[in-house]
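Below: the structure, in structure tokens.
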Amino acid sequence: MTKQELCKIICQLMGCEECDAMILRQINKYVNEHGWSYKDIARAFAYYVEVQGNTPDPKYGIGIVRFVMD
């Protein structure tokens, strides 16, 4: 999975046009500091939204991913 594909999935789940700077920073942090793949991030975020039925708050971006991954 590429970063662009991940952004597309995130935007579909959040209902936005494109990933903003905050979300891109979060993605980079998760990949570089935590060693997660783009696919890991996509799965965690999709699980939070689609399986658990939560609505993501755009002001926090994809910050919930770190808690889902734990």
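We did not get these values from a lab; they are worked out from the coordinates using the rules stated. The structure presented is a predicted model; accordingly, all values stated were derived computationally and were not measured. Every residue, glycine as well, gets a Cβ built from its backbone with ideal geometry; the counts of neighbours run over all protein chains shown.
Distance from a point 7 Å along Cα→Cβ of Glu18 to each backbone N in segment 32-59: keep the residues under 20 Å and list them by number. Residues 58-59 fall inside that zone. With mean projected area of the Cα convex hull in nm² in mind, check (i) 5.4; (ii) 10.2; (iii) 4.1 and report the label derived from this structure. It is the value labelled (iii).
Amide H to amide H, with H built 1.01 Å from N, Cys19 comes under 5 Å of no residue 5 or more places away or on another chain. Among Tyr60, Tyr47, Tyr30, the residue with the largest mean-square fluctuation in a Gaussian network model of the chain, with springs joining Cα atoms closer than 10 Å, is Tyr60. Under the combined filter of DSSP loop state and at most 10 neighbouring Cβ atoms within 10 Å, segment 18-70 retains these GluC sites (Glu not before Pro): Glu18, Glu33.
For the chain, the Cβ-based charge dipole about the Cα centre amounts to some 140 debye (Lys, Arg positive; Asp, Glu negative; other atoms uncharged).
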